[in-house]
Amino acid sequence: MNMLCHGEMPIDTENDIVMARKSVREAAVSLGFGVTDVTRIVTAASELTRNIYVYAGSGIMRWQSINENNLGLELVFEDHGPGITDITLAMEPGYTTGKGLGMGLPGTKRLMDEMEIMSEIGKGTTICIRKWLRR
Amino acid sequence: MTTQSDAKSSSIMGSEESFRLLVDSVTDYAIIMLDPNGHIASWNAGAEKIFGYQYDEILGKHYSCFYSGESLSDGLLEKKLKLAAENGRFENEGWNRHKAGSRFWANTIISSLRDPLGNLIGFAIIARDFSERKSADYARSLIEASLDPLVTISPDGKITDVNGATESITGRSRTELIGTDFCEYFTVPEQAREGYQAVFRDGQVRDYPLELRNVDGRVFSVLYNASVYRDENGAVIGVFAAARDISERKLADEALKRATAYTRSLIEASLDPLVTIAPDGKITDVNGATESITGRSRSELIGTDFSEYFTDPEKARKGYQQVFREGMVRDYPLELRRANGRVTSVLYNASVYRDESGEVVGVFAAARDITERKLTEERIRQQSREILDLSTPVMQVWQGVVAVPLIGTLDSQRTQQFMERLLERIVETNSPVALVDIMGVPTIDTQTAQHLIETISAVRLLGAQVVLTGVRPAIAQTLVHLGIDLSGITTRSSLAAGLLVALDLLKLQVVRKSDNHLGD
Amino acid sequence: MATVSVIKIRDILLVAVPSDPDDFTVSELQDQVLDALQRYNAKGLILDISTVETVDSFFARTISETVKMVALMGGLTVLSGMRACVAVTTVQLGLSFDKTLTALDVDRAMDMLSAAIDSMETGL
Ligand SMILES: Nc1ncnc2c1ncn2[C@@H]1O[C@H](COP(=O)(O)OP(=O)(O)OP(=O)(O)O)[C@@H](O)[C@H]1O
Ligand SMILES: [Mg+2]
């Protein structure tokens, strides 16, 4: 893999959400994303790291540049929390088991170009999102 | 089969590649605006370079000056503009005229430009200079450089041109050959005729076997690869045929050593970077072109991992592994990293080669540098985007009011860009009101309507307000039929009515001058 | 944790929201604003978010709640200065800030609030 930038950080505390936003912003800017796309990517990262913190307690975020015909940024959010019971339901706008707006997951899907969710009850959740540099 | 003969056949593939490189080369483009009557209204540096005219001398001239006499006949020019006006876009390839009088081949895209009311306000032309691929001189030198016998044939089977290699394999001079029947130089003329007729019918033939008779009586087994070529109007005017002397290959089987030297020279003569790779991925041989594209010497390269010279070694590894598995790959894209750090985009064509017993011993790979082509495509895309941007200008029409006429079909990507620019301009100009005029939008679907509604919501978040104008009856009908709720959004049928709303929102009033006096 | 400063201008409170606040700061902001509203008997609140770089669902929810709470206490809130890139993202995320008043900048927010407060008072 040609990695212009990559890295990872643990998500354990509330402040890690802020740190995650900073790291992702830096990566997206360095890859040449425009200000609106940077905001989209950072916002998505904020949603997914907060989900880790709120629902799984802790986890990890990884980021790396990707290059398949086009340059892009890939973010992976992994936790060993309770898992998502019904992914289809969780992707519905307004669905929440907490006290949120239930907009985090469906909103992230709209902000990014690609999104994959893998989750196993009792084992944990892995979410991978990607954004391509617009040409 | 032997190692050498297979390596040789691949390198001949390389010379075809050279021809393709010539055909594909794109080096320039021009961007020109015309008024509705075809008079030049703007001119960029690319146009200056391609057509030779300075900005000042061309401005206001009719665009027919780009064409020479033949292309002007039959009202072709008027037809092009008419088609562009009707369909929004017209693309063609043909001869254009340089200021100096010389002709050059260009690809031209003419797009019509319309105002919010749908009136034609002009045309945008993007012309790409393809002269190199049509330039007789350049083509000639490449054809002559070829070690393969090359020949062009007219539809009636007459030879129209040959290269040096054809002269030596037939034992006849160029002047002797031109104008004679192609078929008569083969042991079975009928088979030769069927061959070129197949090309005219199918567009090409591959590895068509024939036996060529030299003037001294010697017979050469050859394989022909041929395809049609076309004139400026796209009509087929002949066949371009390349022969591969396989009797030479037979010879090579017997005289291994000699063939090795011959193969080596062929490989070295190739303009494309060639490399052979062992099953463990190590480079076993390279040619001069590979040395220059990697910026590393033969001795440095041989014995090292093929994959390490690419930005994505894993992908390079997968590529040659695929060749070992499937026998070949075509147009496999990779990015080669030069010693100086520069990256070159290449397409690889590769196939396996075998030893005397038929065992696969390695991969033979030929690269084609597509960087220049990529760059040119990128620049053209950039320029088209700028033209697109021009077609949705966000104008400040009053202190505190911006207006944007949306023209043409709104796809997701375009609406996205439009939304971002509108929002930025609202913030820049500190304008609480934005007039969005959709008079020039031909149709609206749910997706587009959704984007519009998103735009309107985003504008509201900024602290400004959208007034939607130019809602034509057809659009109003579609919106209602689609069940799209625009209530809560101020709409007006015309831009003028919208402006009044905007002024009202700003607590401004338009008063007739005389009324003013009366009031005094 | 940096506390947010609340500035009082006549009967309007002005809060400059920090550019990248953590969740705690955002929650704290709500408490502080409600406290100040009561203490100063203010009628209007301007939340200036012109430096805010990211608005996610948590931020949006807390701000929307605050607006409702201020309304219950008889105050009017204007959200001012949202950046263009943030507005696009917020809408795409599916957040609406429904019924929240917005203004291009603090000046315009001040004008809006003063006018509204005036008419409220003359209406009495
Ligand atoms: N990492 C996770 N582990 C376990 N469950 C999760 C995880 N992420 C999301 N969920 C579940 O999916 C639901 C929807 O998540 P989403 O982010 O869309 O909304 P929310 O977090 O409830 O509210 P909001 O993000 O709008 O504040 C959550 O309520 C939760 O039940
Ligand atoms: Mg969430």
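Nothing in this text is a laboratory measurement; each read-out follows from the coordinates by a stated rule. Just so it is clear, the model here is predicted, and its values are computed rather than measured. Cβ: placed from backbone, ideal geometry, glycine included. Neighbour counts: every protein chain shown.
Assorted remarks:
- Within the range A:75-97, if we keep just the residues that are more than 14 Å from chain C (Cβ to nearest Cβ) and in a helix (DSSP H, G or I), the residue that is farthest from ligand 2 (Cβ to nearest atom) turns out to be A:T88.
- Among the helices (runs of 4 or more DSSP H) confined to the range B:286-353, the ones with at least 3 residues that are farther than 12 Å from B:V275 by Cα are located at B:313-326.
- Residue match in the range A:33-53 (condition: in a helix (DSSP H, G or I) and over 27 Å from B:A458 (Cβ atoms)): yes
- Residues that are part of a helix (DSSP H, G or I) and within 14 Å of another protein chain (Cβ to nearest Cβ), drawn from the range C:43-66: C:S57, C:F58, C:F59, C:A60, C:R61, C:T62, C:I63, C:S64, C:E65
- Within the range B:453-467, at least one residue is more than 11 Å from chain C (Cβ to nearest Cβ) and without any contact (Cβ under 8 Å) to a residue 40 or more places away in the chain.
- A:T108 satisfies every condition listed in (1) of a type in the set (S, T, Y); (2) within 15 Å of ligand 2 (Cβ to nearest atom); (3) under 30 Å from B:L336 (Cβ atoms) except (3).
- Unique match (being within 12 Å of ligand 1 (Cβ to nearest atom), in a loop (DSSP other than H, G, I, E, B) and over 22 Å from A:E14 (Cα atoms)) among A:G100, A:G122: A:G122
- Scanning the range B:211-227 for residues that are within 12 Å of B:A242 (Cα to Cα) and of a type in the set (A, V, I, L, M, F, W, C) yields B:V222, B:L223, B:A226.
- Search result, residues across the range A:8-34 that are more than 26 Å from C:F24 (Cα to Cα) and more than 9 Å from chain C (Cβ to nearest Cβ): A:V29, A:S30, A:L31, A:G32, A:F33
- Subset of the range B:481-509 [over 47 Å from the mean Cα position of the chain (by Cα), assigned to a helix (DSSP H, G or I) and touching a residue at least 24 places away in the same chain (Cβ under 8 Å)]: B:V501, B:L503, B:L505
- In the range C:67-91, the residue that is nearest to ligand 1 (Cβ to nearest atom) out of those that are touching a strand residue (DSSP E or B) at 6+ places or on another chain (Cβ under 7 Å) and more than 7 Å from every other protein chain (Cβ to nearest Cβ) is C:V67.
- Residue within the range A:62-74 that is within 16 Å of ligand 2 (Cβ to nearest atom) and either touching a helix residue (DSSP H, G or I) at 6+ places or on another chain (Cβ under 8 Å) or assigned to a helix (DSSP H, G or I) (or both) present: no
- Odd one out for A:R110 among (1) assigned to a helix (DSSP H, G or I); (2) within 11 Å of ligand 1 (Cβ to nearest atom): (2)
- Residue within the range A:35-45 that is exposed (fewer than 15 other Cβ atoms within 10 Å of the Cβ) and either touching a strand residue (DSSP E or B) at 6+ places or on another chain (Cβ under 7 Å) or within 14 Å of chain C (Cβ to nearest Cβ) (or both) present: no
- Evaluating C:V6 against the criteria (1) closer than 30 Å to B:G400 by Cα; (2) touching a residue at least 24 places away in the same chain (Cβ under 8 Å); (3) within 14 Å of chain A (Cβ to nearest Cβ); (4) surrounded by fewer than 20 Cβ atoms within 10 Å (Cβ to Cβ) leaves one unmet condition, (3).
- Which listed residue is aliphatic (A, V, I, L, M) and within 14 Å of the chain's Cα centre (by Cα), from A:I66, A:I41: A:I41
- The single condition from (1) in contact with a Ser or Thr (Cβ under 7 Å, 6 or more places away or on another chain); (2) surrounded by fewer than 24 Cβ atoms within 10 Å (Cβ to Cβ) that A:I11 fails is (2).
- The range A:83-96: number of residues that are surrounded by fewer than 17 Cβ atoms within 10 Å (Cβ to Cβ), within 6 Å of ligand 1 (Cβ to nearest atom) and in contact (Cβ under 8 Å) with a residue 12 or more places away in the chain: 0
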